[in-house]
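Each remark here refers to the structure printed beneath this line.
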Amino acid sequence: MTLIRLQNAALEADIDAQGAKVVRLIFHPLQSPVLHENPAGGLFPMLPLANRVAGNRFLLRGEEVVLPQHDADDTFFLHGDGWLKRWEVVTATQSGCLLRLRSWHPCGYDYTAQLCYQLEASSLHASLTLTHSGEQPMLYGCGFHPFFAFDARSTAQFSASGYWPEGEQHLPLPWQSDIPPAADFTRAQYGEDAWLNVGYSAWSGQAVIQRDVMRVTILAQTPWLMLFRMSGEEFLCLEPQTHPVNAHHMQGQPGLQVLAQGESCHFALQIRVD
């Protein structure tokens, strides 16, 4: 594993071109980890879709698209393929790096992705652009999957109008406005040390994790946020996505974009530490 080290006065990050993941993010003033280190990486991109699609297939303009599978999941094209492939390092400096990926699948995904990680003051900026190369239009979505350090001394808070509970095969049940207390982070709380894997609607694009005296703010321009935690683990995943989970089967396919050849979509995440 060859790491790209980014650092400034406030932050230090290690980037691995395998999966284009942030392996480690440290806040210097407190010598405290912002991200939880694990085999998947402290943060990885999700592309050309986020999470799971029911049946691992969907309809696009009346035609069925059957998604590929990969070794990370027995049933789904889970989080797409970008987090599993080796990216080309285009540029790397002390404060930032640019990575590129070329990917093609028989189902119609045919794209080039560029991912820029940049440290600015006490923030990590992640910026992802996908450009479709295929002759036939294709449906795209993306997101970021960070694992934030989160223990019993921590709280999380973000806005939401409702949520999708988890059903079979980790797919969402119908949306509901009544969020149970353990999943309701509209007020700052730790929640429960238990499995939780749900999506939220009408997110404002800002979430805050308070861990002792360290405050982490997550910023992204999307109304959809996924939350994942596991019992006994000291992390909380807050995953901004361009679309809700299984949007491919929802009316209007919310948040997904049909890209013609040469067209692009863009998504960005900022993690600010104070």
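The values are calculated or read from the model by the stated rules, or taken from the named source; none is laboratory data. This structure is a prediction, so every number in the text was calculated from the model and none was measured. Positions of Cβ are generated from backbone atoms using ideal geometry, with glycine treated the same way; all protein chains shown enter the neighbour counts. Accessible surface is based on the protein model in full, side chains and every heavy atom, while ligands, DNA and RNA are left aside. Shrake-Rupley method; radii C 1.70, N 1.55, O 1.52, S 1.80 Å.
What the table shows:
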item	result
Among (1) touching a residue at least 40 places away in the same chain (Cβ under 8 Å); (2) within 19 Å of N51 (Cβ to Cβ); (3) surrounded by 15 or more Cβ atoms within 10 Å (Cβ to Cβ); (4) within 15 Å of the chain's Cα centre (by Cα), the one test that Q221 misses	(3)
Qualifying residues in the range 104-130 (those that are assigned to a loop (DSSP other than H, G, I, E, B) and either among the hydrophobic types (A, V, I, L, M, F, W, C) or crowded, with 22+ Cβ neighbours inside 10 Å (or both)) - the one nearest to the chain's Cα centre (by Cα)	Y109
Identity of the residue in the range 91-103, part of a strand (DSSP E or B) and more than 21 Å from the chain's Cα centre (by Cα), that ends up surrounded by the most Cβ atoms within 10 Å (Cβ to Cβ)	A92
Residue within the range 38-53 that is without any contact (Cβ under 8 Å) to a residue 60 or more places away in the chain, of a type in the set (K, R) and touching a strand residue (DSSP E or B) at 6+ places or on another chain (Cβ under 9 Å) present	no
Test: residue in the range 166-187 that is in contact (Cβ under 8 Å) with a residue 40 or more places away in the chain, surrounded by 15 or more Cβ atoms within 10 Å (Cβ to Cβ) and charged (D, E, K, R)	no
Filtered residue count, the range 199-245, keeping only those that are under 15 Å from H36 (Cα atoms), touching a strand residue (DSSP E or B) at 6+ places or on another chain (Cβ under 8 Å) and in a loop (DSSP other than H, G, I, E, B)	1
Hits in the range 198-218 (condition: closer than 23 Å to S122 by Cα, of a type in the set (G, A, S) and open to solvent by 50 Å² or more (accessible area, probe 1.4 Å))	S204
Set T222, T242, T186: member being closer than 26 Å to D74 by Cα, at pLDDT 95 or above and of a type in the set (V, I, T)	T242
Residue in the range 172-192 that is under 25 Å from V65 (Cα atoms) and not hydrophobic (A, V, I, L, M, F, W, C) present	yes
Hey, T155 assigned to a strand (DSSP E or B) and of a type in the set (V, I, T) or not	yes
Strands (runs of 3 or more DSSP E) fully within the range 3-90 counting 2 or more residues that are open to solvent by 10 Å² or more (accessible area, probe 1.4 Å), within 30 Å of R215 (Cβ to Cβ) and among the hydrophobic types (A, V, I, L, M, F, W, C)	3-7, 21-27
Number of the exception - Q257 against (1) out of contact with any His (no Cβ under 8 Å at 6 or more places or on another chain); (2) more than 13 Å from Y140 (Cβ to Cβ); (3) among the polar types (S, T, N, Q)	(2)
Test result for G141, closer than 19 Å to V258 by Cβ and free of Cβ contacts under 8 Å to residues at least 12 places away in the same chain	no
Residues of the range 188-198 that turn out to be part of a strand (DSSP E or B) and either under 18 Å from P244 (Cβ atoms) or without any contact (Cβ under 8 Å) to a residue 24 or more places away in the chain (or both), as a count	3
